[in-house]
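Structure record follows, encoded as structure tokens.
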Ligand code: FAD
């Protein structure tokens, strides 16, 4: 009956709000998100077990120099999509966790670090390793262990989960083990599964296609004609990397007007085009303005797809047009909250501080210290979010794009957890970096005008260092 349903809903809400004893939790992944989630969960009194497929912490920042893949358009065995020349696109002061500054003084103290404000990828890995050491997280991680299946245990209210994991043995021996956990925190990253552009006629085109996931160094492209699809950070970096060795680099940007065909300032071998119209059997690639180029390679710098291959159908979420749904505030599927959560889905953000605040929220909710609304209210919130997207004319795949709301979201999370909002200097520095990047696309990593904010950050960091 309706009244029975109402009272069941009420009791479910009540259960969400009850303080829980220490929970046995499974965290999937030991990248930046998994590490900070483990720290926050333990701080809250829980017992997290972190499953990590790789042999070390760092996730994306564990550079893989020789990705093993038979298909250059696919993920293959490599998790990380980093290329050798990669330097951060955020200043280090902005990028680090809130209470563990990513400060160059730490690199200096450790000796031999990369003290640049926008350091190379090795420095980020060192920072994450230092984070794991400082907060004693290594002991929580089961390395070389892949989560292959997560399903609800016993059905019902979504309370417990059976996790099947597989130890990747030294000689390729694989053993599966099933254990039951009170909750799952998914931190598996979303920059591994390539999204590939559809190009009419490409099946008959004789050149080589690859995705930026598998790009590492420019040398193999010596004297070749390369077409890059995309306008993201990777497309910008890789096109410049390639321009030094390739014969010609042609960037196809779908947001450029159809008539675009212009040489890039500062380069005599790089052009910007509108999107590709089609590819031909004779090796030519034709752009929307009708111009064509005989190319050797098409490099898809077209982003990545959310992928949770270990979640069974009972996980209460689906991924449709790269939108993970339904999720309350991009973290909890209402039907099984708080027993399943996702850290790190938003993009166009400063990732580490956002992971930290999401983790604090999840940890607080799981202990009952922080309250969630009822399932019905969470679903209403999700529906309202989708209606707002529709009203703006945004496609579903922009659901986790936070370009214009990340600080509002961060501060909302902080408020839920009783944490101070994001520092004003960090917000201003993020904006200053975006402007500087637009004004000095070639040199923003080495020239800037916000030293006053760097000084403010350094002052602020004194309380942590
Ligand atoms: P990941 O780092 O991807 O970690 C996920 C972990 O989960 C991995 O270790 C993986 O092995 C593990 N895993 C996955 N599936 C399983 C499974 N089934 N079982 C066990 N383990 C599993 N961010 C910045 O702040 N600044 C930058 O300058 C910047 N540049 C970037 C450049 C590139 C090219 C890319 C791809 C990303 C960049 N980012 C940058 C974003 C970056 O992804 C985040 O900073 C952050 O590393 C993401 O952390 P994560 O923990 O969410 O995911």
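The values are calculated or read from the model by the stated rules, or taken from the named source; none is laboratory data. Computed from a predicted model, the values in this text were never measured in an experiment. Glycine also receives a Cβ, built like all others from the backbone with ideal geometry; neighbour counts cover every protein chain displayed.
Worth a mention:
- Inclusion of residue 11 among residues that are in a loop (DSSP other than H, G, I, E, B), modelled with pLDDT under 95 and more than 11 Å from the ligand (Cβ to nearest atom) is not warranted.
- Condition met for residue 297 (within 16 Å of the ligand (Cβ to nearest atom) and either within 25 Å of residue 118 (Cβ to Cβ) or touching a strand residue (DSSP E or B) at 6+ places or on another chain (Cβ under 9 Å) (or both)): no
- Residue within the stretch 62-85 that is touching a helix residue (DSSP H, G or I) at 6+ places or on another chain (Cβ under 8 Å) and not in a loop (DSSP other than H, G, I, E, B) present: no
- Taken together, 383, 371, 360 contain a single residue that is farther than 29 Å from residue 128 by Cα and part of a helix (DSSP H, G or I), which is 383.
- So residue 30, is it closer than 28 Å to residue 228 by Cα, in a loop (DSSP other than H, G, I, E, B) and in contact with a strand residue (DSSP E or B) (Cβ under 7 Å, 6 or more places away or on another chain): no
Conditions (1) without any contact (Cβ under 8 Å) to a residue 24 or more places away in the chain; (2) in contact with a strand residue (DSSP E or B) (Cβ under 6 Å, 6 or more places away or on another chain); (3) within 16 Å of the ligand (Cβ to nearest atom); (4) under 19 Å from residue 83 (Cα atoms), marked per residue:
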{"position": "144", "(1), (2), (3), (4)": "no, yes, yes, no"}
{"position": "161", "(1), (2), (3), (4)": "no, yes, yes, no"}
{"position": "202", "(1), (2), (3), (4)": "no, yes, no, no"}
{"position": "205", "(1), (2), (3), (4)": "no, yes, no, no"}
{"position": "211", "(1), (2), (3), (4)": "no, yes, yes, yes"}
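- Residue in the stretch 121-132 that is at pLDDT 95 or above, part of a helix (DSSP H, G or I), in contact with a strand residue (DSSP E or B) (Cβ under 6 Å, 6 or more places away or on another chain) and more than 9 Å from the ligand (Cβ to nearest atom) present: yes
- All positions within the stretch 86-120 that are within 11 Å of the ligand (Cβ to nearest atom) and either at pLDDT below 85 or not in a loop (DSSP other than H, G, I, E, B) (or both): 87, 92, 94, 95, 97, 120
- Elements of type strands (runs of 3 or more DSSP E) in the stretch 190-307, at least 3 residues being buried (at least 21 other Cβ atoms within 10 Å of the Cβ): 225-229, 248-252, 297-300
- Residue pairs whose Cβ atoms lie under 6 Å apart, sitting 6 or more positions apart in sequence or on different chains, and linking a residue in the stretch 446-465 that is touching a residue at least 40 places away in the same chain (Cβ under 8 Å) to a partner that is assigned to a loop (DSSP other than H, G, I, E, B), are 461/101; 461/103; 464/99; 464/101.
- Of the residues making up the stretch 401-411, not a single one is under 23 Å from residue 35 (Cβ atoms), in contact (Cβ under 8 Å) with a residue 60 or more places away in the chain, in contact with a strand residue (DSSP E or B) (Cβ under 9 Å, 6 or more places away or on another chain) and outside any loop (DSSP other than H, G, I, E, B).
- Yes/no for residue 80 being closer than 19 Å to residue 304 by Cβ and either within 10 Å of the ligand (Cβ to nearest atom) or modelled with pLDDT of 95 or more (or both): yes
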